[in-house]
Amino acid sequence: MTAKEKSWKEIAPAGVCWKSSTEFLTGDWKTYMPVRDPEKCTRCLLCVIFCPDGAIHWKPEKEDIEFDFNFCKGCGICANECPTKAIEMKLG
Amino acid sequence: MKGNVKQEVLALNGDEAVAYAAKQSDVDIVAAYPITPQTIIVERFSEYVANGEVETEFVCTESEHSALTACLAASATGARAFTASASAGLALMHEMLFVTSGCRAPVVMAIANRALSAPLNIHGDHSDTMAQRDSGWIQIYVENAQEAYDSVIQAFRIAENPEVLLPAIVGLDGFTLSHTLENVGVLPDDAVKKFVGTRQFPLITNHKGKKVPFRLDPENPTTMGPIALPNYYFEFKRQQEEAMKNALSVIRQVHDEYAQLSGRRYGDGLLEPYHMDDAEFATVCLGSTAGTVKAVVDELRAEGVKAGLLRMRTFRPLPVEGIVEALKNVKAVAVMDRSMSFGSHGGPVFHEVRHALYDLGKRPYVVNYVYGLGGRDTSPTQIRGIYEDLQKIIKTKSVEKLVNYVGLRE
């Protein structure tokens, strides 16, 4: 808890959100983080589809994938699903 | 005291009086599941719907859990929601009672108070609502069918007040009130409609920083009751406590305003003292038994005994200041509980009244009488016995038994 968090008098009732869900950076929940080997990766994009948080994006300009660590919770599903075993979960 | 409007007198039992009040209160949705002794409430209401007497959406659900969930969801969109239940039905709602109060949805629910199984018993006691006392609902206990009618109408105004926004239970004793025919004075339809008015919504700041009414609205989307982790959950609970404190004055204010209209008063809306001004021996009780106690107080007064009764109409929020004020000069108090809190040395009303009096320099003796469980009759003779016990306590300056069971075979 930090000093800038609001008091009970400053917040709306019933847990009504005063921020959009995109502003809640949930990436700091993770213990493990995915580390990809670009050599092994075939850009099949299965990890993009399987990521439950939509935290892996296809970047057409780079013709490559990118992890969004603001929302990646380190669940390891991408590593598990990767057909070439290009993703390894490492203590982050 | 005379009211401002002409009233009709109808022969209604407690359940019918509740249904009639809901009919007049411009309710948008009734979602319910039948259970004795509440069934008549929703039966009558479904007749009003079938006859086209109301424009209410009537939802027959598959369980009480669903009934309250439907009411909560409708209430969150801004609708006025009403339901009724009892005993096991209320117990099945347990989870959703907390979600409803946590979402600050002002649902009004009538409970025809009934015992909980096992062993199975359909008769009146307060076990069902007392088991839900910490669920964040306002709780009003009525003495007769007339008060059941009056309290349901008041409950909408209290619950929906923007300073309160809490759901409210109106409890009427199963069978003793729910199924007993009484003369009930009813207000004209338009007077009730005007009194309850339409729901008012406080403005809140949404996730885009915009001030919007506190309700679910596709034009101004908000999220209610989502996750609140250890850094915020506590703050939301503190808000509910504040709402309960606000309810104390709102209940009094709504009661006063209604009294102008109807000519009927129940103390200050929170507590109804009966011969308490100079009372030396007093009982505290909730619900229909107060009627019997009043008759006994009259007899004792005629005999020169300074007996009094403090009827607690509102149990949540607990009117602590009023309890202290009413009981501070009494010599001995008997608190009557129509439910048990197993292993806790007395019933819930006893604990709270005794706790309220702790800070008094000179405290009265306070003893507990558990009575009427599973619909057992409590006679005037037994209540007289309670007052005799109180006099004995003062005479001997000692309490023989702190917790007593009225009419129980030892």
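Table for the structure above
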read-out: Qualifying residue in the range B:214-225 (condition: in contact with a Phe, Trp or Tyr (Cβ under 8 Å, 6 or more places away or on another chain) and of a type outside the set (S, T, N, Q)); value: yes
read-out: Among the residues listed as B:75, B:85, B:135, B:101, the single one being in contact with an Asp or Glu (Cβ under 8 Å, 6 or more places away or on another chain) and among the hydroxyl-bearing types (Ser, Thr, Tyr); value: B:85
read-out: Filter result for the condition that a residue is surrounded by fewer than 22 Cβ atoms within 10 Å (Cβ to Cβ), small (Gly, Ala, Ser) and under 29 Å from residue B:228 (Cα atoms), over B:73, B:31; value: B:73
read-out: Flag for residue B:253 being more than 10 Å from chain A (Cβ to nearest Cβ) and closer than 23 Å to residue B:15 by Cβ; value: no
read-out: Candidates B:196, B:108, B:192, filtered to the one that is more than 14 Å from chain A (Cβ to nearest Cβ), within 19 Å of the chain's Cα centre (by Cα) and more than 27 Å from residue B:89 (Cα to Cα); value: B:196
read-out: Test for residue B:133: is it part of a loop (DSSP other than H, G, I, E, B) and either of a type in the set (Lys, Arg) or closer than 16 Å to residue B:192 by Cβ (or both); value: yes
read-out: Residue check, residue B:208 free of Cβ contacts under 8 Å to residues at least 12 places away in the same chain and either in contact with a Pro (Cβ under 9 Å, 6 or more places away or on another chain) or more than 18 Å from residue A:9 (Cα to Cα) (or both); value: yes
read-out: Any chance residue B:176 is within 14 Å of chain A (Cβ to nearest Cβ) and either of a type in the set (Val, Ile, Thr) or under 30 Å from residue B:121 (Cβ atoms) (or both); value: no
read-out: The range B:235-250 residues that are touching a residue at least 60 places away in the same chain (Cβ under 8 Å), paired with ones that are among the polar types (S, T, N, Q) (beta carbon under 7 Å, 6 or more apart); value: B:240/B:101; B:250/B:161
read-out: Within the range A:1-40, considering residues that are in contact (Cβ under 8 Å) with a residue 40 or more places away in the chain and among the polar types (S, T, N, Q), the one farthest from residue B:238 (Cα to Cα); value: A:31
read-out: Test set (1) within 14 Å of chain B (Cβ to nearest Cβ); (2) surrounded by 13 or more Cβ atoms within 10 Å (Cβ to Cβ) - residue A:55 fails condition number; value: (1)
read-out: Residues (more than 7 Å from every other protein chain (Cβ to nearest Cβ) and modelled with pLDDT of 90 or more) located in the range B:222-239; value: B:230, B:232, B:233, B:234, B:237
read-out: Residue match in the range A:5-28 (condition: away from chain B (no Cβ under 14 Å), within 13 Å of the chain's Cα centre (by Cα) and either part of a loop (DSSP other than H, G, I, E, B) or crowded, with 16+ Cβ neighbours inside 10 Å (or both)); value: yes
read-out: Filter result for residue A:39 (of a type outside the set (A, V, I, L, M), in contact with a strand residue (DSSP E or B) (Cβ under 6 Å, 6 or more places away or on another chain) and more than 30 Å from residue A:20 (Cβ to Cβ)); value: no
read-out: Strands (runs of 3 or more DSSP E) fully within the range B:317-410 counting 3 or more residues that are within 26 Å of the chain's Cα centre (by Cα) and of a type in the set (Val, Ile, Thr); value: B:365-370
read-out: Members of the range B:326-367 found to be polar (S, T, N, Q) and crowded, with 18+ Cβ neighbours inside 10 Å, listed by number; value: B:339, B:341
read-out: Selection count, the range B:201-220, where residues are surrounded by 12 or more Cβ atoms within 10 Å (Cβ to Cβ) and under 27 Å from residue B:156 (Cα atoms); value: 13
read-out: Number of the condition not met by residue B:91 [criteria: (1) assigned to a helix (DSSP H, G or I); (2) within 30 Å of residue B:212 (Cα to Cα)]; value: (2)
read-out: Selected residue (only one of B:265, B:301, B:313 is farther than 24 Å from residue B:373 by Cβ and under 21 Å from the mean Cα position of the chain (by Cα)); value: B:265
read-out: Test for residue B:161: is it more than 26 Å from residue B:291 (Cβ to Cβ) and of a type outside the set (Gly, Ala, Ser); value: yes
read-out: Among residues of the range B:81-100, those that are crowded, with 24+ Cβ neighbours inside 10 Å and under 22 Å from residue B:200 (Cα atoms), counted; value: 4
read-out: Among the candidates B:156, B:214, residue that is touching a strand residue (DSSP E or B) at 6+ places or on another chain (Cβ under 6 Å) and within 14 Å of chain A (Cβ to nearest Cβ); value: B:214
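The values are calculated or read from the model by the stated rules, or taken from the named source; none is laboratory data. Note that the structure is predicted; figures quoted are calculated from it, not measured. Cβ atoms come from the backbone with ideal geometry, glycine included; neighbour counts cover every protein chain shown.
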